Structures are given as C-alpha cells and as structure tokens.
Amino acid sequence: MTAFTYRDNHYCVEGVPLKRIADACGTPFYCYSRAEVEARYDDYVSALQNFDALVCFAVKANSNQAIIKLLAARGAGADVVSEGELRRALAAGVPASKIVYSGVAKTVREIEFALQQEIRQFNVESEPELEEISAAAVRLGKTARVAFRINPDVDAGTHEKISTGKSENKFGIPLASSRAAYEKAAGLPGIEVCGVDLHIGSQITNLTPFKNAFTKIAELALKLRSDGHTISSIDLGGGLGINYDEKHDNAPSAAEYADVVEETLGDLGCDVIVEPGRSLVANAGILVGSVIYIKQSSQKTFLIIDAAMNDFLRPSMYDSYHAIAGGRKNGGADILYDIVGPVCETGDTFARQRRLPEQKPGDLIIIEAAGAYGSVMASTYNTRPLVPEVLVDGDEFRIIRQRPSYDSIIGLDRTWEDAD
Ligand code: LLP
C-alpha cells in the first residue's frame, strides 16, 4: 500500500489528502490509486516475460470501467464470467481477442453474445455447456475456441467459500474424465480445442497448491497431445493472494509464482494465460467512511461509521481481516474500538477490539486493501445507495462512479397499480 501514506499527519492517496476527496464527494466512498494498479500489473508482466503470456484481469474483482481501461491501455486482457462483465470489458477497450470467458454455467444467450464478439476463448465447465456452445456456434456460423476447466482435486488451503479446486466443489470437470471430454469436444462441430484451464481458488498465499495443480495439468496436457489434441495454451486461473494482515500473511511475489510456472509448465511450449484479480487491485483501494457516533457499552467502545456491510461485505462474509486507519494521526492515546456500521445486523462489523487513536464524530476511517471484491460486491441493503468510487492519479482525483440518487433507486420499483 505504498500509495497510501500519512503526510503531515493526514492520510493521503498518492499526492492527494483524503480529506479533500471526502469534502468533494462525501463519505463513504471507495478510492483507488492508479500507480498501484499499474505497478501490480507490471509485476506480473515482467515476472512472466519468458513466456508468451497474457495477463487477463479478472473483472469480477473490480469492474469499474476506469480501472479496466487503465489495465487495457497497458496491454491487459480480461477474464469475464457473465455477459455483463463481457460488455464492461469491451466497453473499456479490451479487444475481444484478449477476453477469456470463465464461469460455471454460461447461458445460451451469453454464449451467443460471446460468439458474436469473437472472444479469445471459452473456459468450459461441463459437457452440457460444451454441447450448447457447439450448437450456438453452428447456428451463428462461428468457431468457438475452448479449453476445459479441469478440477485437479487440490486443496488450495484458503477460506472454504473461495476454494474451488477440490473434487467436492462445483467447478470444472474431474481430471479422471477429462480425456473423454476432450475426445467429445474434438468430434463436435463449431468447436476448436485450444488448451487447458484451471482455477483452484482465491487468496492463496502458499505456492504449494499452485505447484501441485500445475504439475497435474502439465501431465494432462502431454496425455491430451498424445491423444491428438492441440494444446497450445494453458490458463492458470486466478493470481496470488495478498498480505491483508502483515503479521500473519506471507504472500509470494509474482516472480516466485513465475518460477513455479516455469518449473512445472516451462517445457510444454504453451502460451500462458493468468487471470489475477485480487493481487492487481486489492492493495490499490480503500473504503473511506466517517465516524457517526462513539457508543460506550458496558463492555466495549463502538466506533460507528457510515460505511456498512452492504458497502463492503468481506468482513461479514468471510470474517476477513482488514487493516483500519484513522484519517489523521492526532497524537492522542490509542483506544480499543469495535468498528461497526449502522446496519441492523451484528455481522455488520468491520473489526473487533482494534487499536486506533482516539476518534470523534466526523473523523475519517479508512478500511485498507478494499480495492478487490469491495465495490463489486456491494448492495443497496437497507436502501443505502451504492457508494461512489474515486481514482487518484498523482495530485489529481476524479469521481469514476457517482453516488446514485435516492430517486434512482426507489424509482426502479413499481406499485401494483403502476406496473404493466
Ligand atoms: N479466475 C476465475 C475463474 C475466478 O473464479 C477467480 C475468482 C479469478 C480468476 C480471480 O482470482 P484472484 O486472482 O482474485 O484470486 N469474493 C471473494 C473472492 C472470490 C473469488 C472468485 N473467483 C473474496 O472477497 O475474497
């Protein structure tokens, strides 16, 4: 989080004091650093320079057009999992030839749209899905380039809700039936087999699961080639985990990850696709709220802020740890706070018993490493408007998504009498 520092005791994002942004757009808001996003993307590109590699940003991590556009301008592709994400990637300027379409179950409509755009590759998750892609390709007179997502049955050692590479998970096709699946694909019209895909989970901070999975995939690729299939590309799925908690996490670098890719897949001579999301944007973003009240209970001091679980779901959904900072270093004594939002659920808690300098109503509170799976997972629960997003570049900032008006949210409803 090098772009996020205190200057003269005030929290700044690159060259901009956070207070300036808060005065312009009100709290809560998400704020991203352009330099940080670009630096993390460049890390992957330079680590994988010995490969013919394409870094496809997993748009699900942060799908703001401004962020996708920054990455596209540097040459990134996109990994999408819905028609909506595909439309966003295209609108932000990612060429269709650099877009891979992942996702457990693509609908016929989504498949047709992607075929019309002539995307680079479908990552296919089941035989019924393969049949739909083939039928749609024939209908539209197109050819679909496909890779099967293989479930290598590897434990990613991450939170159970974001672990995807075990045989009990709903993702991909089992290693054991993969040769038969490729055989079937080879016989279907409108299908061109181009490679193999996997994704074992997210927030992985240990290289061993990657190494185990890539080794299994390398073996499979050789078998598939001996079966007569063209395997020219390997899609390695999502990227590395990050250090949310400097005391406990120990995330490897992109260079260390690339060493594992080299060691396990280097001899295959394949193009490599990686789909990092979190590691590109998590540390490039913060969620900023302000203190509404400080409430003293018999046991605790609650710092109640105007951001809530609907704005940032990770702590309540995954019990995730996020560093939290005050907007100013005020020199006051540290206090142990439970930092919570105003939503009527006990799960609306960002941190328990966290030490911060003494705060007062109106002070800014920063939830760090919120740039990935933050804004994209927000909802309007409690009829709270989605929060704005701001991008900082050097000494400048721009609002890259406005706060919607209450009318635009409530106005989506129709009473029985007014509805068609
Ligand atoms: N590719 C595929 C097929 C994926 O399903 C994912 C993430 C990625 C790439 C990107 O993985 P990453 O590089 O970000 O680890 N909401 C959860 C994370 C869900 C991840 C889902 N798939 C969270 O907040 O931790």
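Each value in this text was obtained by applying a stated rule to the coordinates, not by laboratory testing. These numbers come from a predicted model, not from an experiment. A quick note on method: Cβ atoms are made from the backbone with ideal geometry, for glycine too, and the neighbour counts reach across all protein chains shown.
Structure values in brief
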read-out: Under Karplus coefficients 6.51, -1.76 and 1.60, residue-wise ³J(HN,Hα) of the stretch 149-155 in Hz, glycine/proline x; value: 7, 8, 8, x, 6, 10, 7
read-out: Counting DSSP beta bridges with both ends in the stretch 103-274, the antiparallel % (nearest 5); value: 5
read-out: q = 0.06, 0.11, 0.14 Å⁻¹, the chain: log10 I(q)/I(0) [Debye, one scatterer per Cα]; value: -0.27, -0.86, -1.24
read-out: FRET efficiency for S297 and M377, using Cβ-Cβ distance with R0 set to 25 Å, rounded to 0.05; value: 0.30
read-out: Tensor-based shape of the stretch 1-94 (alpha-carbon gyration tensor, a/c under 1.5 rounded, otherwise prolate or oblate); value: oblate
read-out: Taking the stretch 103-274 and dividing mean pair separation by its residue count, relative contact order in percent (alpha carbons under 8 Å, at least six apart); value: 20
read-out: Candidates Q117, Q65, Q296, ranked by Gaussian network fluctuation over the chain, Cα under 10 Å, top entry; value: Q296
read-out: Proxy reagent accessibility, fewest Cβ within 10 Å first, across H248, H159, H229; value: H248, H159, H229
read-out: About the Cα centre, charge dipole magnitude for the stretch 103-274 (Lys/Arg +1, Asp/Glu -1 at Cβ), debye; value: 460
read-out: FRET efficiency, D319 to T2 (Cβ-Cβ, R0 22 Å, nearest 0.05); value: 0.20
read-out: DSSP H segments from the chain that extend 18 Å or more along their own axis, Cα-based, with Kyte-Doolittle mean of 0.0 or above; value: 127-140, 207-226
read-out: Dipole in debye (nearest 20) - the stretch 75-149, about Cα centre, beta carbon charges: Lys, Arg +1; Asp, Glu -1; value: 300
read-out: Bridge type composition, the chain - antiparallel percent by DSSP, nearest 5; value: 50
read-out: Loop sites in the stretch 101-155: GluC sites (Glu not before Pro), DSSP, at most 15 other Cβ within 10 Å; value: E118
read-out: Most positive-pole-ward Cα, L240, I191, H229, against dipole of the stretch 186-242 from beta carbon charges; value: L240
read-out: Using a Förster distance of 35 Å, the FRET efficiency for N169-D271 (Cβ separation, nearest 0.05); value: 0.85
read-out: Extension gain (nm, one decimal) between C344 and D52, 0.36 nm per residue minus Cα-Cα; value: 100.0 nm
read-out: Total charge dipole magnitude, the chain, about the Cα centre, Cβ charges on Lys, Arg, Asp, Glu only, Debye to nearest 20; value: 580
read-out: Ascending count of other beta-carbon atoms within 10 Å, so fewest first, for E192, E389, E83; value: E192, E83, E389
read-out: Shape of the stretch 103-274, Cα gyration tensor, a/c cut at 1.5; value: prolate
read-out: Beta bridges by DSSP in the stretch 144-210, antiparallel share as percent, to the nearest 5; value: 10
read-out: Selection from L86, C25, V13 lying farthest towards where the dipole of the chain points positive, charges on Cβ; value: C25
read-out: Environment charge at I200 (Cβ cut-off 15 Å; Lys +1, Arg +1, Asp -1, Glu -1); value: -2
read-out: Ascending count of other beta-carbon atoms within 10 Å, so fewest first, for K142, K170, K106; value: K170, K142, K106
read-out: For the stretch 5-10, Karplus couplings with θ = phi - 60° (6.51, -1.76, 1.60), whole Hz, Gly/Pro x; value: 9, 8, 10, 6, 6, 10
